[in-house]
Structures are given as C-alpha cells and as structure tokens.
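Colleague: Dropping a structure here in structure tokens format, bear with me for questions.
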Amino acid sequence: MNYHVDEKGYYGRFGGAYIPEILHRCVEDLQNTYLKVLESDSFKKEFHGLLRDYVGRPSPLYFAKRLSEKYGCKIFLKREDLNHTGAHKINNTIGQILIARSMGKTRIIAETGAGQHGVATATVCALMNIPCVVYMGKTDVERQQPNVEKMRMLGAAVIPVLSGNMTLKDATNEAIRDWCHHPSDTYYVIGSTVGPHPYPDMVARLQSVISEEIKWQLKEKTGRDYPDYLMACVGGGSNAAGTVYHYLNDERVRILLAEAGGEGLFSGKSAATVHLGKEGIIHGARTLVMQNEDGQIEEPYSISAGLDYPGIGPVHANLSETKRAEVFAVNDNEAIDAVFELTRTEGIIPALESAHVLGVIPKIKFKPDDVVVLTVSGRGDKDMDTYLSFCGE
Ligand SMILES: *Cc1c(COP(=O)(O)O)cnc(C)c1O
C-alpha cells in the first residue's frame with residue numbers, strides 16, 4: 001500500500017484537480033514545475049537556510065516528563081510552537097513563495113481564516129519584497145483583530161469578504177476568483193494540504209521537514225528512529241501531513257489524528273469532517289466534505305478558528321478510509337481541559353488547534369515502553385482571550 005500521491009494527483013479515490021477552465025494553465029504549470037524546483041540544489045539551499053536562520057529550525061523534540069508519568073508512556077512533543085510566527089505554517093509559506101519567485105510570479109495572494117496563514121504569508125512577502133493580498137471573511141476580520149493588524153503592519157492588503165457566512169470558505173472562493181482574473185502574474189499560496197493537485201502534495205513535502213527532523217531527533221534520544229505512535233491535529237491537514245510524511249508507509253508506526261468535534265458530533269455544531277462528511281468536491285479536490293442532502297456545504301463550528309474547515313486534505317481522507325490512521329473527534333471542552341493540563345504540567349501554553357490532539361491522549365491506553373511523538377502545531381498567545389474566559393471555572 002502506498003499512501004503518497006499517485007501520478008494523477010490522487011490518494012486512493014481522493015484528490016485530483018477540479019478547477020475552472022481559466023485556471024488550467026496555472027495549475028498545469030505548477031504541476032509541471034513544483035517537483036523540479038523542490039529537488040533543485042538552489043531551492044534546497046535557500047529553503048533550508050531560511051528554515052534554520054529565520055524560522056529557528058530544527059524545532060526541539062522535547063521529552064515531556066511529567067505528562068509521560070501521568071499517562072504511563074514516553075511522550076515527546078515536537079515543538080512547532082517555537083517557530084517564527086508561532087506555528088508550522090511558516091514552513092509552507094517560505095517554500096511556496098520561493099517556488100512562486102522561481103516561476104517569475106510578481107504578486108502573491110492568500111486566503112486566511114484565523115489569520116495564521118495570512119500572517120505567515122505576509123511575513124514572507126515582507127521578507128522577499130513581494131506585494132501580498134490576503135482574503136479574509138468579514139466575520140473573521142472582526143474576531144481576529146490582532147492578526148489583521150499584524151498583516152497590515154507587514155504591508156499586506158487585507159480584503160474583507162462579504163459573501164456567504166463571511167468565513168474561511170468564502171475567503172477561499174474569493175482568492176480563487178482573484179487568481180482567475182490574474183492567472184499570469186499571480187501565485188496563490190494555499191495554507192494547508194487542500195486545493196487542487198499539486199497543492200496537497202506540495203504542502204505535505206514542504207511540511208515534511210517535521211518528520212525528517214523527528215527521525216534523527218528520536219534516534220538521538222531513544223536509539224531508534226521511529227515511534228510507536230504519531231499524533232497530530234487536522235484542520236486541512238498540513239501539520240499532520242508533515243508529521244507523518246516519512247512514516248506513512250512504515251506500518252510499525254500507528255497514526256492518531258484529531259479533528260474538531262465542536263460541541264459534539266450530533267450537536268449540529270461540529271467540524272469533524274471525517275466523522276460527518278461525505279464524498280464531494282471542495283476548492284478543487286475530491287475529498288470528504290460536510291454537506292447536507294442537497295450537496296450544500298454545511299457551516300462547520302469549532303472553538304478553534306484554525307480547525308473549522310468543512311473539508312479535509314485528500315491524503316487524510318484516504319488515510320482514514322484505508323484505516324492507516326485513526327481519527328478522533330475531540331470536543332471543545334476536552335480541548336480546553338488539555339490546554340490547562342499541558343500548561344500546568346509542562347509550562348507550555350499550546351494553540352487551541354494543538355490542544356485537540358492533546359485531548360486524544362486520555363482516550364488511549366498506552367504501555368510503559370510506548371514511544372509517542374505528538375506535534376504541538378502552534379502556541380497559545382493568539383487564544384489567550386478564550387483561555388482567560390475559562391480560568392475562573
Ligand atoms: C492553521 C493551524 C492548524 C490547522 O492547519 P493544518 O493545515 O491542519 O495543520 C493547526 N494548528 C495551528 C497552530 C494552526 O495555526
């Protein structure tokens with residue numbers, strides 16, 4: 001079984017490139033270019049140089065002693081929260097903007113929900129002196145002010161989107177519309193392992209630096225280069241794809257993923273796409289989609305703005321269908337409990353997204369010798385208002 005993308009851009013029956021006619025040329029150019037660029041020496045040198053000196057990689061693999069004692073196993077945290085801009089997203093934006101530059105593109109556009117991908121994109125555009133336009137639903141613009149201010153300070157134009165529910169899915173539609181109008185000079189930086197082929201594979205490869213590091217760091221710390229369990233949260237799936245990339249075809253490693261259960265699977269307020277979704281097409285890919293009986297997309301809900309996407313990366317749809325990965329729906333309250341637990345046992349305040357995978361730990365019966373690697377995708381600074389509202393309880 002091969003869990004990586006096939007030549008046509010599919011993971012099993014998921015993936016592909018379902019795009020409007022006007023974008024065929026752009027997407028085909030990218031399909032024909034991305035592997036050549038990724039494998040070129042000049043790209044590798046610049047990408048890894050920036051990851052080291054600008055992002056601060058390698059991110060530590062930290063043995064969480066007190067958490068391990070509590071759950072009776074050996075838990076290592078992959079600290080993507082320590083990256084510049086506070087999460088794993090910067091690995092991807094640096095890579096894609098280098099690719100855009102090598103294709104001669106002179107303008108960058110992006111969509112953002114919580115604003116994390118927007119900030120990471122605006123950051124790298126400032127660094128590389130490229131104009132940047134970020135589409136963001138008006139609802140998100142209002143509830144994510146600090147990130148909007150950061151993007152503007154970095155020099156990006158943030159455009160509030162007024163269609164639909166005015167959230168991530170609407171911002172994505174608007175970014176695609178912009179790309180259709182400017183196909184020759186504009187590069188669209190997608191923030192996760194979603195969208196038409198080659199985006200899911202390209203983003204997974206750029207994030208695969210996470211598992212590349214886990215391999216040698218684990219070898220150094222435990223004497224063997226693979227864990228018994230790999231754990232990550234899934235919104236669109238990029239930090240998870242990076243965490244599992246080099247272990248996908250290694251069946252000794254069990255993969256546990258967390259999606260956002262919201263207020264509960266059957267509450268009508270959830271973002272658990274694997275549990276609730278049906279096969280469909282969203283933003284250019286065939287995957288699992290939260291939709292009603294008429295095929296209308298259902299608005300997802302999660303306490304975490306980074307996990308409330310109504311689709312999921314095709315790689316993860318396939319991992320779940322083939323049972324290579326086990327996917328847990330973790331509810332808002334379980335995630336909040338996990339935030340306070342990590343904060344008080346290890347002195348690390350995680351992002352709300354990352355807290356969802358921490359919330360899986362109590363659901364598993366580990367053995368004392370089990371080696372567990374869990375990716376902390378980001379830090380909790382952006383979620384402090386939410387956390388403080390639970391502090392009095
Ligand atoms: C955006 C984000 C996520 C979700 O995105 P993926 O592509 O699924 O990784 C998770 N954690 C943090 C901290 C994020 O900013």
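Colleague: Of the cross-linked pairs 89/278; 78/323; 44/89, which ones have a Cα-Cα span greater than 20 Å in the structure shown?
Modeller: Result: 89/278; 78/323 exceed 20 Å.
Colleague: Between residue 390 and residue 21, what FRET efficiency comes out of the Förster formula 1/(1 + (r/R0)^6) with R0 = 35 Å and r the beta carbon distance, rounded to 0.05?
Modeller: In this case the efficiency is close to 0.10.
Colleague: At a temperature of 4 °C and a viscosity of 1.567 mPa s, determine how fast the chain diffuses translationally according to Stokes-Einstein, using the Kirkwood radius over alpha-carbon pairs as Rh; express D in µm²/s, rounded to the nearest whole number.
Modeller: 63
Colleague: Counting other beta carbons within 10 Å of each residue's own, what order do 81, 29, 185 fall into, fewest first?
Modeller: Lowest to highest Cβ neighbour count: 185, 29, 81.
Colleague: Have a look at 68, 59, 192 and tell me which one the Gaussian network model of the chain (Cα, springs below 10 Å) gives the largest fluctuation.
Modeller: It is 68.
Colleague: State which entries of 105/169; 150/219; 219/382; 65/382; 219/363; 105/150 exceed 29 angstrom in Cα-Cα distance in the structure shown.
Modeller: From 105/169; 150/219; 219/382; 65/382; 219/363; 105/150, over 29 Å: 150/219; 219/382.
Colleague: Sticking with this structure for a sec: Calculate one ³J(HN,Hα) per residue across the stretch 235-244 by plugging θ = phi - 60° into the Karplus curve 6.51 cos²θ - 1.76 cosθ + 1.60, and present them in order as whole Hz with x for glycine and proline.
Modeller: x, x, x, 6, 5, 5, 4, x, 5, 9
Colleague: Which of the peptides 364-370, 221-227 is most tightly packed, and how do the rest follow, going by the mean number of other Cβ atoms within 10 Å of each residue?
Modeller: Top of the packing list down: 221-227, 364-370.
Colleague: Counting only C-alpha contacts under 8 Å and six or more residues apart, can you give the relative contact order of the chain as a whole percent?
Modeller: 20
Colleague: So which cysteines of the chain have no other cysteine's Cβ under 4.7 Å from theirs?
Modeller: 26, 73, 180, 233, 391
Laboratory data are not the source of any read-out in this text; all were calculated from the coordinates shown. Since the structure is predicted, the reported quantities are computational estimates derived from the model, not experimental observations. Glycine gets a Cβ as well: all are built from the backbone with ideal geometry, and neighbour counts include every protein chain shown.
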